[in-house]
Structures are given as structure tokens and as C-alpha cells.
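Structure, as C-alpha cells:
The values are calculated or read from the model by the stated rules, or taken from the named source; none is laboratory data. Keep in mind it's a predicted model, so treat the numbers as computed, not measured. So basically every Cβ, Gly included, is an ideal-geometry build from the backbone, and we count neighbours across all protein chains shown.
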Amino acid sequence: MGRGEPDFHMRVSGCPRLSARLFPALAIAGGVVFYFVDMPTSSSPSQSAEDYLERIHELIEDKGYARVVDIASSLKVKQASVTSTVQKLGESGYLKYEKYRGLILTNKGREVARKIHNRHETLSRFFSLFGLDAETQRLDIEGIEHHLSPATVEVLADLAGFFEAHPQTLEVFQKSRRAAKRKAD
């Protein structure tokens, strides 16, 4: 929220001058005090921007470069959309973009792409333990990866590591799941 937009309000039954002195960003109207807060803007990229950064990173790793045409083809979007997004990512400091030339991720862009890649790999590793096919994994990961906190991803990585270190425990779970499915059928 920017200045001038109320974040919360409360009824005042005391001294408005004291409130205004203690909280200089207060406005009083009709006996209601509005406290204005300058909320920090999010410095993290949107889900769509994350998808672009992830794909740009993959293209650079695979081919040594990433062009608008390659990104558009791989994400199945129009080149104009890619150009617009790439320009915004450049303005936000995630990459360097020159028209008709390739893209270069900045350190900031590489860091975000690395985190996205690691998150994706953790989810893939976790889902693979349960025998989910690659296409189901891909669809599910794309559906949830942007909605998980780093703490949740860390727990899933730890759980995957636990099951990998204790395959007998994973087998007990899988047997229990198969038995429950047989009962349901």
C-alpha cells in the first residue's frame, strides 16, 4: 500500500493530539483514526517472471544463449509477449536484454533461476519416490511450485532425503497405500 491508503483503522476515545504525536502518519476523520503505512513492495518476481527466468536459464545452460524466439517457442507464447516480459525483467535487474541479440542473466537473475531450478528439482525428486510418472509430475510441479514457501520446499527435501536413506520406511508407506486402495475398490 502506498501513502494515503489506509492499512487499518480504529475508534479513538482518547486524545487525538497524543495519537497524532505518537503516530505521525495518522489522519482523523469522523472520530475514526486512519493509520497510513508505506508497505514495502515485493522484490521477488511474479510466477510468470519466474517461469521466464527458469526457461532462460535452461536455454543458456543447454545452448549457451537464449533468444526471444527460443523462449517464445519453448513457452508456447507469442514473441511480442516474450519481448515485453524480457524488457520488464531487464528493468527489474534480472537480465540484460538488447534487441535482436541474446539475453544474459545478471547475478540477481541467476540467483532467482537457481532457486527456481532447485525448488523444481526438489519437487521432482520427492514425487519420483512415489512412482508418479514424468508427465503427472511435470503438471503437478508447474501447478504448485510457485505457491510453496522456501520452508515447505526444505521440509520436502528433507523428507525425500529421509525416504532415500530409509527405503524400508518408504516401502511400508507404499504397502499401506496399496492396501488402502484395494479396500476402496
Inset, instruction - Keeping to the range 148-185, report how many residues are of a type outside the set (Val, Ile, Thr) and over 16 Å from Asn118 (Cβ atoms). - result: 22
Inset, instruction - Among what's in the range 73-93 and is part of a loop (DSSP other than H, G, I, E, B) and of a type in the set (Gly, Ala, Ser), pick the residue that is surrounded by the fewest Cβ atoms within 10 Å (Cβ to Cβ). - result: Gly93
Inset, instruction - Pull up the range 15-72, narrow it to residues that are hydrophobic (A, V, I, L, M, F, W, C) and assigned to a strand (DSSP E or B), then point me to the one that is modelled with the lowest pLDDT. - result: Phe36
